[in-house]
Amino acid sequence: MSPPAPARQGIVFTLDGLDELDFARVLRDLMHDEAFKKPLQVQAEEPRAGGSARLTLAFYPEHRTAAIHAMQRLKTILLRYGVQVDSVVVPQDG
């Protein structure tokens, strides 16, 4: 029997005050940016009444460096739209 595949990790961005239109624009920019290509995966939760939008950069441990670079790129994209990042959770290297 082969060993189980490593679990994906994720860098989670909570985006306070992002409306649906700007959320769609951020997603459009992400989908057209080479920094977010495979093997990375973008998981999105749109803003809801009373809740913040969330973006997660999911990756396998061996792609951590690419994920960190993508995280920096995402911060730049968010600044373009004046988005405040309420929190960022980065999994520990290990």
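Read-outs throughout are calculated quantities, based only on the coordinates presented, and are distinct from any laboratory measurement. In this text, all values refer to a predicted model and were calculated from it rather than measured experimentally. Positions of Cβ are generated from backbone atoms using ideal geometry, with glycine treated the same way; all protein chains shown enter the neighbour counts.
The simple spin-label model puts a point 7 Å past each Cα toward its Cβ; for Ala5 and Tyr60 those points are separated by 0.7 nm.
May I ask for the net charge around Gly17, where only other residues with Cβ less than 14 Å from the Cβ of Gly17 are counted and Lys, Arg are +1 while Asp, Glu are -1? Its environment carries a net charge of -4. Peptide packing for 51-60, 34-43, 74-83 was compared via the average number of neighbouring C-beta atoms within 10 Å per residue; ordered from the highest value, the list is 51-60, 74-83, 34-43. With R₀ set to 41 Å, the beta-carbon distance separating Glu46 from Gln92 gives a calculated FRET efficiency near 0.90. Based on Cα contacts under 8 Å between residues 6+ apart, the chain shows a relative contact order of 44 percent.
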